[in-house]
Amino acid sequence: MRSFMRTLLLFVSFTILTGLVYPFFITGLCQVIFPHKANGSLVIADGKIVGSDLIGQSFTSPKYFSGRPSAVEKPYDAGNSGGSNFGPSNSKFLEDVGKRISKVRQENGLNQSASVPADLVLASGSGLDPDISLESALLQVPRVAKTRSLAEAQVRQAVEELARTAFPGSTDKKVHVLKLNIAIDALAGSNRQ
């Protein structure tokens, strides 16, 4: 019976320690040190939550920059992230990528031989990427500028201001699509006044 009581006491103690004390401590610590990240890295525009820094969104209107395609059944669904798992020689994969290339060329007024950045036509492993390469964003500048009746230079400047390196020491730049579209909405709004 003594052995059982010690075991039960140890079980209850570790359950409280690892199930309650530790998670509350870590949560509180993160709220103090990294409050933005601890609360979901939320993006707020006009006082409303419009998304997260971590999860992409689908933008289909020509007045917005398009993000990286999502291969999940319900695009950008954080509860069901994942890639297509198709290999590069899979006929369905090749068909989908071919359609995406044609769509990007058509939407952006490119000729049939123009190259298209890979991140505009290839879905990521998670299907949730919120960023595109600087090259992909710059490719879309003429379309967005024309649709919004803005000068291309203004839109290009907004893109370049939001471009950041993927990690320290990297030369590759990326742009957060949601934040870029919010900036373009603000730019278009200020031009109307």
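The values are calculated or read from the model by the stated rules, or taken from the named source; none is laboratory data. Not measured: the values here are computed from a predicted model. Here the Cβ positions follow ideal geometry from the backbone for every residue, glycine too, while neighbour counts run over all protein chains shown.
Observations
- Which numbered condition Val144 fails, given (1) touching a residue at least 12 places away in the same chain (Cβ under 8 Å); (2) more than 23 Å from Pro75 (Cα to Cα); (3) not acidic (Asp, Glu): (2)
- For the range 120-174, a tally of residues being part of a strand (DSSP E or B) and either aliphatic (A, V, I, L, M) or over 19 Å from Ile101 (Cβ atoms) (or both) returns 6.
- Pairing residues of the range 78-96 that are within 11 Å of Gly127 (Cβ to Cβ) with residues that are assigned to a helix (DSSP H, G or I), at Cβ distances under 7 Å and at least 6 apart in sequence or on separate chains, gives Ser84/Phe93.
- The number of residues in the range 97-119 that are assigned to a loop (DSSP other than H, G, I, E, B) and touching a strand residue (DSSP E or B) at 6+ places or on another chain (Cβ under 9 Å) comes to 1.
- Residues of the range 149-159 that are surrounded by fewer than 18 Cβ atoms within 10 Å (Cβ to Cβ) and either out of contact with any helix residue (DSSP H, G or I) (no Cβ under 8 Å at 6 or more places or on another chain) or among the aliphatic types (A, V, I, L, M) (or both): Ala151, Ala153, Gln157.
- Evaluation of Leu180 against (1) farther than 21 Å from Thr60 by Cα; (2) at pLDDT 95 or above; (3) of a type outside the set (Phe, Trp, Tyr) (one fails), failing number: (1)
- Of all the numbered requirements in (1) surrounded by 16 or more Cβ atoms within 10 Å (Cβ to Cβ); (2) among the hydrophobic types (A, V, I, L, M, F, W, C); (3) in contact with a strand residue (DSSP E or B) (Cβ under 7 Å, 6 or more places away or on another chain), Val144 misses one, and that requirement is (3).
- Residue check, Leu29 modelled with pLDDT of 90 or more, of a type outside the set (Gly, Ala, Ser) and exposed (fewer than 11 other Cβ atoms within 10 Å of the Cβ): no
- Among the residues of the range 65-114, those that are among the basic types (Lys, Arg) and either surrounded by 14 or more Cβ atoms within 10 Å (Cβ to Cβ) or at pLDDT 85 or above (or both) comprise Arg68, Lys92, Lys99, Arg100, Lys103, Arg105.
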